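What follows is one structure encoded as structure tokens, with my remarks underneath.
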Amino acid sequence: MGLTGGIGSGKSEVARRLAARGALVIDADLIAREVVEPGTLGLAEITATFGDAVLRPDGTLDRESLGKIVFTDPAQLKALNAIVHPKVGARVTELQQAAPADAIVVYDVPLLAENDLASLYDKVIVVDADDDVRLTRLTHLRGMSPEDAQARIAAQATREARLSIADIVIDNNGPLSALDAQVAELWHELTDVAT
């Protein structure tokens, strides 16, 4: 299953709830961090492309500095994606191949729509929230400036593009507590598909 949603939609909350029910969740963001840790080829390629200014003093990637570069310039974002995406794809393949045959595997990938990956999954689950709700979450819960939050939202696929590839939509315009019933229903549907 592919799980996606725009930044601030609550996709990670849905992933956590599915994992708690027994899904094997493969988190693309965590893998994306793993492939750019100090000493990796990914980090070396990023610094070769964007310079040492995207490194913290301890040699780790300064995601905020890199984000300010790539989320305001589509060409720079494309260059970053060309470095990171193949490495993430290779690691995901390893994890999928290691999963038990009867596992419900949920691939948590923010850029599923942007990278035209819907055809790779049996079902695509989209966690959806209005842009103004997402903006409020990003500024209040994550501490982003309104400008940074808007730039990140604008750098991703539109809601319409994500919804157009959805087999299942989780409406997350309300409080997180409202997700529980929707995830329970989703889990029931996924286990029915898997059996």
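The values are calculated or read from the model by the stated rules, or taken from the named source; none is laboratory data. Model, not experiment: these values are computed from the prediction. All Cβ positions, even for glycine, are placed from backbone atoms using ideal geometry, and neighbour counts span all protein chains on display. Please note that ligands, DNA and RNA were not included when accessible areas were found on the heavy atoms of the full protein model with its side chains. Shrake-Rupley method; radii C 1.70, N 1.55, O 1.52, S 1.80 Å.
Details
- Relative to the dominant Cα principal axis of the chain, helix 179-194 is inclined by about 70°.
- Its residue count N sets the reference 2.2 N^0.38 Å, and the alpha-carbon radius of gyration of the stretch 61-148 equals 1.33 times that reference.
- Among P57, L41, I69 the positive-end extreme of the charge dipole of the chain (Cβ point charges): P57
- Size of electric dipole in the chain: Cβ of Lys, Arg +1 and of Asp, Glu -1, about Cα centre, debye, nearest 20: 260
- Among H140, L179, I153 - extreme Cα towards positive end, dipole of the chain, charges at beta-carbon: H140
- In order along the stretch 7-21, phi translates into HN-Hα couplings of 3, x, 7, x, 4, 5, 5, 5, 4, 4, 5, 5, 4, 5, 8 Hz, rounded to whole numbers, per the Karplus curve 6.51 cos²θ - 1.76 cosθ + 1.60 with θ = phi - 60° and x for Gly and Pro.
- Near L3, the amide H atoms lying under 5 Å from its own belong to Y107, D108, V109, I125; only residues 5 or more places off or on other chains count, and H is placed 1.01 Å from N.
- Here the Kirkwood formula, the inverse mean of 1/r across different C-alpha pairs, assigns the chain a hydrodynamic radius of 17.6 Å.
- Global form of the stretch 92-195, assessed from the alpha-carbon gyration tensor, a/c cut-off 1.5: prolate
- Across the stretch 34-41, coupling constants 3J(HN,Hα) worked out from phi with the 6.51/-1.76/1.60 Karplus curve, θ = phi - 60°, read 4, 6, 10, 5, x, x, 8, 4 Hz, and Gly and Pro carry x.
- Each of L41, L190 has its accessible area taken with a 1.4 Å probe; listed largest first, they run L41, L190.
- Computed with a 1.4 Å probe on the full set of protein chains, the accessible area for E114 sits at about 60 Å².
- Bridgeable aspartates and glutamates around K68 (alpha carbons under 19 Å apart, same-chain partners fewer than 8 residues away excluded): D29, E45, D52, E147, D148.
- Straight Cα distances below 24 angstrom link K123 to the lysines K11, K87, with same-chain residues fewer than 8 positions distant left out.
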